[in-house]
Amino acid sequence: MEKTITTNQLSLILIIFTVALKLSVLPAITCDFAGNNAYVVSFVSLAIDFLLTFVIVIIMQKIPQKNFFDLIKETLSKPVAIFLYLILFFYFFLKLLIALLELQDYYIVALFEQLNPFFFIIALMLLLLFLFNKGFRTIGRLIEVCFWPLALGILFTLLYPIKNIDLVNLLPLFEDGLYPAYNGFARTSFAYGDYMVLLILMGKVNFSKKSTKKIMLYFASILYFIFSFYVIFVGAFGSTSVNKSLAIGELPLHNPNPSTFGRLEWLTIIMWTAILIIQTVIIGKCCCECFKQIFKLSDNKTPSIVLVVALTVVYASLYLKLESIIKIATSNVFAIITCVLHLLFFILLVISYFIYMSKQNKTKYAKQKGGGTDGEYNKKIIAQ
Amino acid sequence: MGSIIKKLSRNKIFYCMLFLIILMFPSTIYMQSDNNTRLIVSTIGIDKTESGEVEVTALAIIPNMSTDTNANLEIFSGKGKTISDALNSISANTGKHVGLAHCDSIILSLDITKDNIMEILDYFIRTSNLTTNATILTTDKKSKELIEATKSSNNLLDLSLRDIVSFQEENSLLQNTTIENFYRKTFTKSGTFFLPILSIEEASSSNESSSGNSQSSSSSSSSENQSQKKIKNDQKIALIQEGKFVREISEDEKFIYNLLAQHSNYLSIEIENINDQYVTNSLEVYQQVDKFSLPLYKFNSGKPYVQYEIWLNTMVNEIKSSDNFAFASIDSLQNFLSNTAKDEIVTQINQKLENTVKIMQQEKNDILGLYSKFNAFKHSEWQDYLSTLDDKENYLENMDIKINLHINYVI
């Protein structure tokens, strides 16, 4: 049985997972769809995520011993659970692919002029193979150690261009009506839905009394950071936001100030590189967990190897094709599928929880009434 | 030692690292250092030739074992149909790829700004070669000559050019003249951008002896000609609208722009022929100490106007008069801002404002960015106003600007 993670580790994993996919290509894509209302789109998406995450965390705390698979198996059926995990596997696999392509794009644009794809893929896959083999507790510990230096480095991205925000770039709201904002919200939905990682972490968390408060506080902080990032991004770049395909790299690099005071943005670049790798590992671990549950495996070796092999094949064929994948992920059809999936899993979890709790309550009630064990109670029910 | 080797031989990570090293070693061992393959360019100048080609001049840093700064700088030129062509020509002639990672300044000749600058800057905004947010400036001479003047100056690298541009940015432009900012301003509804215009003057003969270029054996062959040129800043500003040079900004416009901007720190007001209880027939120069500018965007009978509430703290910098040479006139505790002086300041400001509004309306240059501001803060009323116009480009014709100045003296 995998060791449990603490509330602190869960909070930090959630933070890194939330930041994934939101600060690289997404700001420019959101501006492309929603114009200067991009920050409104991010606010609405993040607010919805916050509410749904709150509900899920409460459910997790109520039934800390249950994981999502077992919950669905008990309340609906095993085939349904396997089917849902299959969908989750492909969902996280696609997110993993996008994260890897963003990582590779970032390396090429920000760090290296020439990057040998062969060496890059081999080195990266070996690293991922090693990390996928570890448990969530190890990943959580890694993030606990690295978190504050990483966070401080990323905070610099907000500091550089703050004084160059022009309110004129942020206003007026909904100049072309509500459609651009709605379109942006729908088309970028794949990058949100961060509570999906909690479905994987269900049953693995060691909750305490103040856990919910702590988790939601951390989560609210990162959502506030992301929202501020979008406000500063749109406020600083205005109409040229759509040109900034790697926002986290370009916000400090191409901010309105000339480079006469030195290259401080390297701090952000280095920290973001580390965050990209960690978030790739978290998403990959989610894929491994889905694989384990589908095939009822107990160790991490087999899913890690299978995932890395599949990833190598797919990633190598999609090398430098981030734009194509982004086009698919932001297409109308995919947007509908994503929104439906996000809602579906949430609704299924809530329904399963209530079914499970009602069964538990019936068992307790019967025990209190008739005295006896659960087995005897069940025999009575069958006899009736 | 033996135990360490035994421990390592049981470690899988060690074997992974060894595998990676063996795999990458053959290809990396023969790689050349960037110094041998890259030309480090700090300044780029762009001109147009008579045949319509683009001429790119690059001020490159070639490290030499010399304490003379100029000995480390070389100028290379290349021509081509496009910027890429011209840079390739430089690469071919120098045997090194042009590296723009340290390029901080791009100089455009005024001739080239009369066509669309965006065509010229297109390379720089797209290429991953340029990783800095380079400053753009213009010159009324050839940009090649300005680069030669930059090289021949005694300051470190092109620091003098950057110093001058930074000075302009802080004092009169009040915005960065970087590529990023150029595109940002050009794609706003107002579409105006300012560029500093630098010039060149021939240095006097006494300056020539101060440069040791002619004595240094590693300087370029044209150093004797270059050492005679100096960068000159007349504080002229080019107005760029929709990517093209339109005209130079007048002194009145510069003053009003500075006065109305929130972030200006170096406003100077000069009033003449002041006769009051402190001075007679004097010229007084007041310097801004502190300022707060609050624009209020309003409509009056459907016509837009901006009311600027400006709180200005000043102190007297200089009094020029032959009649007032007395100890009292240099008393630092004396408040020289009499009612007469205040009235004169207000009159002068109103005159300059009137001239500025007139020029803005005649030339249809929205130097204050009023379209964007009205569109952002008074959107529906602004759209209603625009719908009343036959030509929406003429939105300035009914625009009015009022200044309510609250001026105080600081001892």
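The criterion of being touching a strand residue (DSSP E or B) at 6+ places or on another chain (Cβ under 8 Å), part of a helix (DSSP H, G or I) and modelled with pLDDT of 90 or more does not hold for A:Gly184. The sole residue among A:Gln61, A:Gln9 that is surrounded by fewer than 17 Cβ atoms within 10 Å (Cβ to Cβ) and either without any contact (Cβ under 8 Å) to a residue 24 or more places away in the chain or out of contact with any Leu (no Cβ under 6 Å at 6 or more places or on another chain) (or both) is A:Gln61. When segment A:99-111 is filtered for residues that are open to solvent by 10 Å² or more (accessible area, probe 1.4 Å) and either of a type outside the set (Gly, Ala, Ser) or more than 14 Å from chain B (Cβ to nearest Cβ) (or both), the ones remaining, listed by number, are A:Asp105, A:Tyr107, A:Ile108, A:Val109, A:Leu111. Does B:Ile106 count as crowded, with 20+ Cβ neighbours inside 10 Å and either more than 14 Å from chain A (Cβ to nearest Cβ) or free of Cβ contacts under 8 Å to residues at least 60 places away in the same chain (or both)? Answer is no for this residue.
Yes/no matrix, rows are residues, columns are (1) of a type in the set (D, E, K, R); (2) more than 14 Å from every other protein chain (Cβ to nearest Cβ); (3) in contact with a helix residue (DSSP H, G or I) (Cβ under 6 Å, 6 or more places away or on another chain):
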residue: A:Gly184; (1), (2), (3): no, yes, yes
residue: A:Thr188; (1), (2), (3): no, yes, yes
residue: A:Thr240; (1), (2), (3): no, no, yes
residue: A:Asn243; (1), (2), (3): no, no, no
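Total residues in segment B:353-390 satisfying the condition of being open to solvent by less than 70 Å² (accessible area, probe 1.4 Å) and part of a loop (DSSP other than H, G, I, E, B): the figure is 7. Condition check for A:Lys163 on (1) assigned to a helix (DSSP H, G or I); (2) within 14 Å of another protein chain (Cβ to nearest Cβ); (3) modelled with pLDDT of 90 or more: one failure, at (3). Taken over segment A:202-218, the criterion of being open to solvent by less than 20 Å² (accessible area, probe 1.4 Å), closer than 20 Å to A:Arg137 by Cβ and not small (Gly, Ala, Ser) is satisfied by A:Met202, A:Val205, A:Ile215. In this structure, is B:Ser380 over 30 Å from B:Ile319 (Cβ atoms) and within 14 Å of chain A (Cβ to nearest Cβ)? For B:Ser380, the condition - over 30 Å from B:Ile319 (Cβ atoms) and within 14 Å of chain A (Cβ to nearest Cβ) - is met.
Tell me, please, whether a residue that is among the polar types (S, T, N, Q), assigned to a strand (DSSP E or B) and modelled with pLDDT of 90 or more can be found in segment B:293-306. Checked against the condition, which is being among the polar types (S, T, N, Q), assigned to a strand (DSSP E or B) and modelled with pLDDT of 90 or more, segment B:293-306 yields at least one hit.
Looking only at residues of segment B:260-292 that are touching a helix residue (DSSP H, G or I) at 6+ places or on another chain (Cβ under 9 Å) and of a type in the set (Phe, Trp, Tyr), we find that the one that is modelled with the highest pLDDT is B:Tyr286.
The criterion of at least 1 residues that are farther than 25 Å from A:Ile108 by Cα is met by the following strands (runs of 3 or more DSSP E) wholly inside segment B:50-146: B:54-61, B:73-80, B:105-109, B:135-139. Residue count for segment A:159-201 under the criterion of being free of Cβ contacts under 8 Å to residues at least 24 places away in the same chain and open to solvent by less than 20 Å² (accessible area, probe 1.4 Å): the result is 1. In this structure, is B:Val306 without any contact (Cβ under 8 Å) to a residue 40 or more places away in the chain and not polar (S, T, N, Q)? When the stated conditions are applied, B:Val306 does not pass them.
Just one of the listed residues (B:Thr186, B:Thr178, B:Thr82) is within 14 Å of chain A (Cβ to nearest Cβ) and open to solvent by 10 Å² or more (accessible area, probe 1.4 Å), and it is B:Thr186.
Within segment B:1-38, the set of residues being farther than 17 Å from A:Gln114 by Cα, within 14 Å of chain A (Cβ to nearest Cβ) and surrounded by 12 or more Cβ atoms within 10 Å (Cβ to Cβ) comprises B:Phe14, B:Tyr15, B:Cys16, B:Met17, B:Phe19, B:Leu20, B:Leu23. The set of residues from segment A:195-221 being part of a helix (DSSP H, G or I) and within 12 Å of A:Cys286 (Cβ to Cβ) comprises A:Met196, A:Val197, A:Leu198, A:Leu199, A:Ile200, A:Leu201. Look at A:Ile29 and say whether it is among the β-branched types (Val, Ile, Thr) and over 17 Å from the mean Cα position of the chain (by Cα). Yes: the conditions hold for A:Ile29.
Residues in segment A:126-160 that are hydroxyl-bearing (Ser, Thr, Tyr), within 14 Å of another protein chain (Cβ to nearest Cβ) and closer than 19 Å to A:Thr7 by Cα: 0 in all. Evaluate segment B:116-124: report whether one residue or more is away from every other protein chain (no Cβ under 14 Å), open to solvent by 40 Å² or more (accessible area, probe 1.4 Å), modelled with pLDDT of 85 or more and within 17 Å of B:Phe193 (Cα to Cα). Checking segment B:116-124: at least one residue is away from every other protein chain (no Cβ under 14 Å), open to solvent by 40 Å² or more (accessible area, probe 1.4 Å), modelled with pLDDT of 85 or more and within 17 Å of B:Phe193 (Cα to Cα). Within segment B:357-411, the set of residues being closer than 19 Å to A:Pro172 by Cα and hydrophobic (A, V, I, L, M, F, W, C) comprises B:Leu368, B:Leu370, B:Phe374, B:Ala376, B:Phe377, B:Trp382, B:Leu386.
For segment B:333-345, check the following and say yes or no: at least one residue is modelled with pLDDT under 95, surrounded by 15 or more Cβ atoms within 10 Å (Cβ to Cβ) and among the charged types (D, E, K, R). Within segment B:333-345 (the criterion being modelled with pLDDT under 95, surrounded by 15 or more Cβ atoms within 10 Å (Cβ to Cβ) and among the charged types (D, E, K, R)), the answer is yes, since at least one residue qualifies. Here is a check on your reading of the model: is A:Phe118 at the interface with chain B (Cβ under 10 Å from one of its Cβ atoms) and either surrounded by fewer than 17 Cβ atoms within 10 Å (Cβ to Cβ) or free of Cβ contacts under 8 Å to residues at least 40 places away in the same chain (or both)? Answer is yes for this residue. Residue count for segment A:294-327, restricted to those that are under 21 Å from A:Phe17 (Cα atoms), of a type outside the set (Ser, Thr, Tyr) and either open to solvent by 60 Å² or more (accessible area, probe 1.4 Å) or assigned to a helix (DSSP H, G or I) (or both): 7.
Being within 14 Å of another protein chain (Cβ to nearest Cβ), touching a helix residue (DSSP H, G or I) at 6+ places or on another chain (Cβ under 6 Å), at pLDDT below 90 and crowded, with 16+ Cβ neighbours inside 10 Å is a description that does not apply to B:Asn129.
The values are calculated or read from the model by the stated rules, or taken from the named source; none is laboratory data. Note that the coordinates shown come from a computational prediction; the quantities given were computed from them, not determined experimentally. So basically every Cβ, Gly included, is an ideal-geometry build from the backbone, and we count neighbours across all protein chains shown. Only protein heavy atoms, including side chains, enter the accessible area calculation; ligands, DNA and RNA are left aside. Shrake-Rupley method; radii C 1.70, N 1.55, O 1.52, S 1.80 Å.
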